[in-house]
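Peer 1: I'd like to ask some things about the structure below.
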Amino acid sequence: MAAGLRAVRRWALAAPAPPGLAFTRSAFVVQKANNAQPNWLGVGLAFSTSAALWALLLKEHNEDVMEYERRKQARGQKCTRCS
């Protein structure tokens, strides 16, 4: 008897959710996009973040190039008589 109840429980837990409830959405979360009034704060944040990242990338690149040139010049001034 207990084995039969376990089998029924296992079958009941393995059953998928009813299809009507699986695809429902809450009206408080889903909204239709309003293209007449864009989210200017979001647009501004996206573009300013992108510009800041590009500025940081260019600054780091310029510093890396300067360091490369400095090390290249220092390599050229080595004492060759000692070795």
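Peer 1: Examine segment 39-51 for a residue that is surrounded by 10 or more Cβ atoms within 10 Å (Cβ to Cβ) and not in a helix (DSSP H, G or I), and state whether such a residue exists. Steps first, please.
Peer 2: Filtering segment 39-51 for residues surrounded by 10 or more Cβ atoms within 10 Å (Cβ to Cβ) gives 39, 43-51.
If we keep only those that are not in a helix (DSSP H, G or I) too, we end up with 39.
Among the residues of segment 39-51, at least one is surrounded by 10 or more Cβ atoms within 10 Å (Cβ to Cβ) and not in a helix (DSSP H, G or I), which makes the answer yes.
Peer 1: Let me ask you something else. Go through (1) part of a helix (DSSP H, G or I); (2) at pLDDT 70 or above; (3) within 31 Å of the chain's Cα centre (by Cα) for residue 33 and report which single condition fails.
Peer 2: (1)
The values are calculated or read from the model by the stated rules, or taken from the named source; none is laboratory data. The model shown is predicted, which means the values in this text are computed figures rather than measured ones. Heads up, the Cβs are rebuilt from the backbone with ideal geometry, glycines too, and the neighbour counts pull from every protein chain shown.
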